[in-house]
1. Evaluate the charge dipole of the chain about its Cα centre and quote only its size in Debye, nearest 20, assuming +1 on the Cβ of each Lys and Arg and -1 on the Cβ of each Asp and Glu.
2. Computing the accessible area with a 1.4 Å probe over protein heavy atoms, can you report the carbon and sulfur percentage for segment 155-229?
3. Dividing the Cα convex hull volume of segment 4-227 by residue count, how many Å³ per residue is that?
4. Hey, if you put +1 on the Cβ of every Lys and Arg and -1 on every Asp and Glu Cβ in segment 4-227, which of PRO54, LEU119, PRO161 ends up farthest toward the positive end of that dipole?
5. Between segment 88-107 and segment 163-190, how far is it from one alpha carbon centroid to the other, in angstrom?
6. With all protein chains present, how much of the accessible area of segment 49-141 (probe radius 1.4 Å) comes from carbon and sulfur, to the nearest whole percent?
7. Return the long-range amide H neighbours of PHE79 (sequence gap of 5 or more, or a different chain), with a cut-off of under 5 Å between placed amide H atoms.
8. In Å², and per residue, what accessible area does the chain have when probed at 1.4 Å with the other protein chains present?
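The values are calculated or read from the model by the stated rules, or taken from the named source; none is laboratory data. Since we're looking at a predicted model, the values are computed, not measured. Ideal geometry is used to build each Cβ from the backbone, glycine not excepted, and the neighbour counts take in all protein chains shown. Surface accessibility is based on the protein's heavy atoms, side chains included, excluding ligands, DNA and RNA. Shrake-Rupley method; radii C 1.70, N 1.55, O 1.52, S 1.80 Å.
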Amino acid sequence: MPAIEFRDAAVNYDGEQVLAPLNVSLTEQRIGVIGSNGSGKSTTVRLINGLIEPTSGLVLYDGLTPEKHGKEIRKRVGFVFSDAESQIVMPRVADDVAFSLRRFKLPRDEVKRRVAEVLERFELTDRAEHSPHTLSGGEKQMLALASVLVIEPDTIIADEPTTLLDLRNRRRIVRELMALDQQLIVVTHDLEMLCDFDRVLVIDDGQLVYDGAPGEAIAFYTDLMDAKP
Ligand SMILES: Nc1ncnc2c1ncn2[C@@H]1O[C@H](COP(=O)(O)OP(=O)(O)OP(=O)(O)O)[C@@H](O)[C@H]1O
């Protein structure tokens, strides 16, 4: 698995610390990030592919920094947001998926093959010519995942991928995520999803307060929340 290293990586906004210097090395396949609203989870994972730059310290993806090797990292790290609607860029489903591949400069046949394959996998083939905006919420999230997986990334980061989904679609997304061979980093409030993960980080008020197996991490987080007024 790729090695993601935070070396004293901290984030401040307007002088206010949102992420305290974080030192952690992530090499496991499935890593969860949990914590209350506004605790700094999204900030933490966005540092990995350079969506946010650290105010101080470093974040390395397999030895590469987003500042110097942003292009390469973004080819290897796919990012799925909870609001799939916001990831739609093209007027047709197939073109939306193909759009992710534009930076790879692949032959047209290869693009067609990869797009068809991923649409089939996510049962979107019969929607290929439709506008992405006409898809259901569950289908939109599948499209978002398809658009990320088509680049064949080594790491997939998903920020609250199940938040807007009903039970059936939530299960579908969880099943798809758990079936991935790649490294997976998930920010979530859906604690149940994490039971088979390798490692879970608990972030509270911009600090890493627990780092361990899912059972213990969830128990720590639950106790922490119970202890708050
Ligand atoms: N661009 C920004 N400018 C100023 N403050 C910001 C910015 N982005 C995030 N913050 C603040 O940083 C803190 C951490 O935000 P972050 O999105 O990382 O939290 P989170 O744990 O992912 O929350 P949630 O579970 O609600 O998504 C919050 O207080 C947020 O308001």
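1. Result for the chain is approximately 880 debye, rounded to the nearest 20.
2. Result for segment 155-229: 50 percent of the exposed heavy-atom area is carbon or sulfur.
3. So the per-residue hull volume is 123 Å³.
4. Of the options given, the answer is LEU119.
5. Using only Cα atoms to place each centre, the spacing works out to 23 Å.
6. Working: 2660 of 5190 Å².
Exposed carbon and sulfur together represent 51 percent of the surface.
7. Residues meeting the criterion, in which the H sits 1.01 Å from N, are ILE157.
8. Here the residues of the chain average 48 Å² of exposed surface.
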